[in-house]
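In what follows, a structure is listed as structure tokens, so that the remarks can point back to it.
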Amino acid sequence: MGAHGILAWIVIGTIAGWLAGKVIKGGGYGFVGDIVVGIVGAIIGGLLTGALGISIGSGLIASIIIAAIGAVILVYALRMLKRA
């Protein structure tokens, strides 16, 4: 993966983490935390959409949507674990 690939992961992760914070109200994780949540969310979203056979297309917007869905799931799960 080149510098462009890493930059794309950071941009997508940042946007997805920010979106997840907006969808699920509460305190955010900060700039770096949002990037991590977004990148992990992208992995979760990619695995889930692949396992379920869901395709919303390709490209930057589709990647952001998939990553945001995964990030929302991740943030929700983290908050449920925190309450337990």
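What is the sum of charges around Gly17, taking Lys and Arg as +1, Asp and Glu as -1, for the other residues whose C-beta is under 15 Å from the C-beta of Gly17?
It works out to a net charge of +2.
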With x for Gly and Pro, the residue-by-residue ³J(HN,Hα) of the range 71-79, computed from phi through the Karplus equation 6.51 cos²θ - 1.76 cosθ + 1.60 at θ = phi - 60° and given in whole Hz, is 5, 4, 4, 4, 4, 4, 5, 4, 5
The range 3-83: spread of alpha-carbon positions along the three principal axes, whole Å, largest first, is 35, 30, 16
Loop-resident trypsin sites (Lys or Arg not before Pro) in the chain with no more than 13 other Cβ atoms inside 10 Å, DSSP not H/G/I/E/B, are Lys25
Fewest-first ranking of Tyr76, Tyr29, using other Cβ atoms within 10 Å as the exposure measure | Tyr76, Tyr29
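Based on the Cβ-Cβ distance of Ile54 and Ala77, what FRET efficiency does E = 1/(1 + (r/R0)^6) give at R0 = 22 Å, to the nearest 0.05?
For R0 = 22 Å, the calculated efficiency reads 0.70.
By count of other Cβ within 10 Å, fewest leading, how are Leu19, Leu48, Leu60, Leu74 ordered?
Ascending Cβ contact count within 10 Å gives the list Leu60, Leu48, Leu19, Leu74.
Coordinate-derived values only; no laboratory data. What you see is a predicted model, and the numbers here were worked out from it, not measured in a lab. Note that each Cβ is placed from the backbone with ideal geometry, even for glycine, and that neighbours are counted across all protein chains shown.
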